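S.K.: Have a look at the structure that comes next, please.
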């Protein structure tokens with residue numbers, strides 16, 4: 001496991017640091033507070049103020065997760081960092097220290 005640090009909107013990993021959007025930072029904070037670092041669709045819906053019953057909102061969530069994964073890989077993450085859990089939500093697989 002790679003160690004990551006989130007300070008305000010900056011995510012720092014073993015190889016570099018990237019700037020996150022406010023919603024990306026809020027997502028990572030919510031993942032770290034959630035049981036098993038898992039967020040179900042209802043929690044994501046509430047956190048992001050979306051309506052995931054809408055197809056376009058689900059697509060937007062998928063895009064958001066892809067971008068967040070890319071930023072984590074740019075910081076040095078390897079392998080799966082955030083995975084989709086079918087009919088449940090998403091799970092984070094990297095420890096993040098929130099400062």
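S.K.: Scan region 74-99 for residues that are under 10 Å from the mean Cα position of the chain (by Cα) and closer than 13 Å to residue 62 by Cβ and report the count.
M.R.: Of the residues in that region, 3 qualify.
S.K.: The conditions are (1) touching a strand residue (DSSP E or B) at 6+ places or on another chain (Cβ under 9 Å); (2) at pLDDT 95 or above; (3) within 19 Å of residue 93 (Cα to Cα), and residue 73 fails exactly one of them. Which is it?
M.R.: For residue 73, the exception is condition (1).
S.K.: Any idea which of (1) farther than 18 Å from residue 9 by Cβ; (2) in contact (Cβ under 8 Å) with a residue 12 or more places away in the chain; (3) surrounded by 15 or more Cβ atoms within 10 Å (Cβ to Cβ); (4) out of contact with any strand residue (DSSP E or B) (no Cβ under 9 Å at 6 or more places or on another chain) is the one residue 50 doesn't satisfy?
M.R.: Only one criterion is unmet by residue 50, namely (2).
The values are calculated or read from the model by the stated rules, or taken from the named source; none is laboratory data. In this text, all values refer to a predicted model and were calculated from it rather than measured experimentally. As a convention, Cβ positions derive from the backbone with ideal geometry for all residues, glycine included, and neighbour counts pool all protein chains shown.
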